[in-house]
Each structure stands twice: as C-alpha cells, then as structure tokens.
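K.L.:
Here's a structure for you.
The values are calculated or read from the model by the stated rules, or taken from the named source; none is laboratory data. Bear in mind the structure is a predicted one, so any value in this text is a computation, not a measurement. Note that we place each Cβ from the backbone using ideal geometry, even for glycine, and neighbour counts take in every protein chain shown. For accessibility, only protein heavy atoms count, side chains too; no ligands or nucleic acids. Shrake-Rupley method; radii C 1.70, N 1.55, O 1.52, S 1.80 Å.
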Amino acid sequence: MESENSILGTLSRQSHGAAAKRSRHYHCTQRETLLEAARQRGVYVPTACQQGVCGTCRIAKLSGEVLMEDLGGLTSEDKSAGYVLACCSRPQGDVLLDL
C-alpha cells in the first residue's frame, strides 16, 4: 500500500496593500508530481514543457524533501535557494510550498 503525503501550500494574495497569507493542505501519493497534485486539486501552477527543461513551473519549497528529476530547468543558485520544478518533483514526505 502506497503512503500518502501532505503538501501544505501557502498562497499569497494582495489585499488592501498588505500580503494576506492563507494555508491549504493537500494530500498526494509519492507517484504524483507536485504539478499533478496541484492540478488535481484546482491549484494553478504555470507550466510549459512538463519535462524539467524550461523552468516555468519553478516553485519555492519551504520545507520537506522531494525527489526531483529535472533536465536542467533550474540553475544551481535556484536549487540552493530552495526552488524545485513542480513538473518533475515528487514528495518524499510532507512538503511545504510557497504557491
């Protein structure tokens, strides 16, 4: 039986000049990419190639571990800053993202 992971997305929206943060919890399996999990739950993540090349689906991972099989879509600086590509990253436990 496959384990289920939690993805906690923090959505930022501008409201009366101040940033309002709202948290949402989503569950997904280790087989799902972060992009697949987001789409199935109605969360928009920009995307283009869906192969880990272009970097369009770059999102900030605030905590947790993912298995990312990218094809060069992130610079080493992006990776060091905590960015992952949603199209080719699979959660390896609970993950906190800034969506």
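K.L.:
Under the condition of being open to solvent by less than 50 Å² (accessible area, probe 1.4 Å) and within 16 Å of residue 31 (Cα to Cα), which residue from region 84-99 is farthest from the chain's Cα centre (by Cα)?
P.N.:
If we filter region 84-99 for residues that are open to solvent by less than 50 Å² (accessible area, probe 1.4 Å), which is where we start, we get 84-89, 91, 93, 95-97.
Okay, now just the ones that are also within 16 Å of residue 31 (Cα to Cα), so 85-89, 91, 93, 95.
Working: 85: 7, 86: 5, 87: 8, 88: 10, 89: 7, 91: 9, 93: 13, 95: 8 Å.
Ranking the candidates gives 93 first.
K.L.:
Can you tell me which residue is nearest to residue 28 (Cα to Cα) among those in region 54-83 that are hydrophobic (A, V, I, L, M, F, W, C) and out of contact with any Asp or Glu (no Cβ under 8 Å at 6 or more places or on another chain)?
P.N.:
Here the residue is 66.
K.L.:
Follow-up question, since we're still on this one. Pull up region 30-47, narrow it to residues that are surrounded by 13 or more Cβ atoms within 10 Å (Cβ to Cβ) and in a loop (DSSP other than H, G, I, E, B), then point me to the one that is modelled with the lowest pLDDT. Let's see the steps before the verdict.
P.N.:
Taking region 30-47 first, the residues surrounded by 13 or more Cβ atoms within 10 Å (Cβ to Cβ) are 30, 32-39, 41, 43, 45, 47.
Next, only the ones that are in a loop (DSSP other than H, G, I, E, B) stay: 30, 32-33, 41, 43, 45, 47.
Numbers: 30: 80, 32: 90, 33: 92, 41: 84, 43: 86, 45: 92, 47: 95.
In this case the residue turns out to be 30.
K.L.:
Of these, 94, 70, 98, which one is of a type in the set (D, E, K, R) and without any contact (Cβ under 8 Å) to a residue 24 or more places away in the chain? Reasoning before the result, please.
P.N.:
Values: 94 fails: without any contact (Cβ under 8 Å) to a residue 24 or more places away in the chain; 98 fails: without any contact (Cβ under 8 Å) to a residue 24 or more places away in the chain.
Answer to the check: 70.
K.L.:
Still on this model: Residues in region 65-80: is at least one at pLDDT 95 or above, of a type in the set (Val, Ile, Thr) and under 13 Å from the mean Cα position of the chain (by Cα)?
P.N.:
Among the residues of region 65-80, not one is at pLDDT 95 or above, of a type in the set (Val, Ile, Thr) and under 13 Å from the mean Cα position of the chain (by Cα), which makes the answer no.
K.L.:
When you go through 71, 67 one by one, which is the residue that is open to solvent by 30 Å² or more (accessible area, probe 1.4 Å) and either among the aromatic types (Phe, Trp, Tyr) or part of a strand (DSSP E or B) (or both)? Before you say what the answer is, go through the steps one by one.
P.N.:
Working: 71 fails: either among the aromatic types (Phe, Trp, Tyr) or part of a strand (DSSP E or B) (or both).
On inspection, the qualifying residue turns out to be 67.
K.L.:
Now, a different point. Just the residues that are open to solvent by 40 Å² or more (accessible area, probe 1.4 Å) and either in contact with a helix residue (DSSP H, G or I) (Cβ under 6 Å, 6 or more places away or on another chain) or under 20 Å from residue 82 (Cα atoms) (or both), please, taken from region 48-64.
P.N.:
Step one: of region 48-64, the residues open to solvent by 40 Å² or more (accessible area, probe 1.4 Å) are 48-51, 53-54, 56, 58, 61-63.
Across region 48-64, the qualifying residues are 50, 51, 53, 54, 56, 58, 61, 62, 63.
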